[in-house]
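Enquirer: Here it is, the structure, as structure tokens.
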Amino acid sequence: MASFRVVVVALLCYAIHAHVQVLVVGGTGNLATKYLWPAFEQVRESSTVVLQFWAGGVADITSGETTLKSVPSASRLGVRYALLRDGADYKTLAADPSWATDDITGVIVYLAVPPQFFDAICHHVHAHLRHPKRWIRIVVEKPFGHDIFSAEALATSLRGIFADDELFLIDHYMGKRGVHGLRSFLTLNQVEYAKWWPHLSHIQDVHNELNKPTTTTATAAAARFRHQERRDMTVSVAAGKALQHREVRVTLHFGTACVLEFVIQVGVSLKYDTKLRQGPKGESIQVCDALVESVVPPLGWVADNNTTSRQKLAPHK
């Protein structure tokens, strides 16, 4: 996924001649093996930074190394495995001659684990892997906590041990071209619907996860949310599993005659390498007749040349 590359490049861009240790905690899990290691491989091919990679996990050394060998990108990167179950293991890693080399200028720790483990891992990293002569960056993925209270508690805890410029909180989904188009569209267009629903900016996207291998029966649900004051204004949300089509779509209804529809993606593969070959596809914004003369397209979006309608906007090819 391209946004993984963006995050890593942003972390490294100011350190052109750096020698950096990259530790992915959860480095043998699904996120790392499907997305992170392939993305890091692309970063290394285009970067002058010397990168040394480590995968941290709770499995024993033999199991961890076996898993890494089965991941082509991890094998090509020469990823080393580190057992990281408790503070003592982090201390052991810090003393490893391959980790503690004098030429290391910085450390990136990427947490590819569920949020309930963020706090303990970050405290272990702070206690054992922080070095006074090296910069450190901590990257945490969504979800950040399981509700607003746990998220606030986690933020307070992490800011107690790391500076703001040492913490990178990312949502790789927000890197999608269609999501950027949606956000840009809502920012650029000061039209009547913005007055009708002041909290529209809180509705960012609806994500339909389709074709889950663990789901054997097709399942679907739909809901419609109606504006408290404007009863003719609604937001429709639909989701399903084990369906034939993979899609992310947001539909906003303003009365019976005006509908804004944002298609974030259509039919994109879950595999990283396939994503790169496919590229983004299917993104569009359908604008109703009542707004077509007044809307401003997102930057880089134009009227779709494949249709005679002026109501469909799509990214410029």
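Enquirer: Name the residue, out of SER70, SER47, that is hydroxyl-bearing (Ser, Thr, Tyr), within 23 Å of LEU167 (Cβ to Cβ) and free of Cβ contacts under 8 Å to residues at least 40 places away in the same chain.
Expert: From the options SER70, SER47, the qualifying one is SER47.
Enquirer: Using beta carbons and a limit of 9 Å, which pairs, at least six apart or on different chains, have the first residue in segment 300-311 and more than 14 Å from PHE185 (Cα to Cα) and surrounded by 12 or more Cβ atoms within 10 Å (Cβ to Cβ) and the second one among the hydroxyl-bearing types (Ser, Thr, Tyr) and at pLDDT 80 or above?
Expert: Matching pairs, first to second residue: ASP304/SER284.
Enquirer: Which residue out of ILE104, ILE138 is among the aliphatic types (A, V, I, L, M), in contact with a strand residue (DSSP E or B) (Cβ under 9 Å, 6 or more places away or on another chain) and closer than 25 Å to TYR35 by Cα?
Expert: Within the list ILE104, ILE138, the selection yields ILE138.
Enquirer: Looking only at segment 10-25, decide whether some residue is in the same structural domain as ILE121 (by TED's automatic domain parsing), part of a helix (DSSP H, G or I), at pLDDT 90 or above and surrounded by fewer than 22 Cβ atoms within 10 Å (Cβ to Cβ).
Expert: Looking for residues that are in the same structural domain as ILE121 (by TED's automatic domain parsing), part of a helix (DSSP H, G or I), at pLDDT 90 or above and surrounded by fewer than 22 Cβ atoms within 10 Å (Cβ to Cβ), one finds none in segment 10-25, hence no.
Enquirer: Here are the criteria: (1) crowded, with 18+ Cβ neighbours inside 10 Å; (2) modelled with pLDDT of 60 or more. Tell me which single one TYR272 does not satisfy.
Expert: (2)
Enquirer: Is it the case, given these coordinates, that VAL139 is out of contact with any Phe, Trp or Tyr (no Cβ under 7 Å at 6 or more places or on another chain) and of a type outside the set (Phe, Trp, Tyr)?
Expert: no
Enquirer: Next question, about the same structure. Listed residues VAL107, VAL113; which is crowded, with 20+ Cβ neighbours inside 10 Å, in the same structural domain as PHE168 (by TED's automatic domain parsing), in a loop (DSSP other than H, G, I, E, B) and not charged (D, E, K, R)?
Expert: The unique qualifying residue is VAL113.
The values are calculated or read from the model by the stated rules, or taken from the named source; none is laboratory data. Bear in mind that the values here come from a model prediction, so they are computed numbers and not experimental data. Here Cβ is always computed from backbone atoms with ideal geometry, including for glycine, and neighbour counts include all displayed protein chains.
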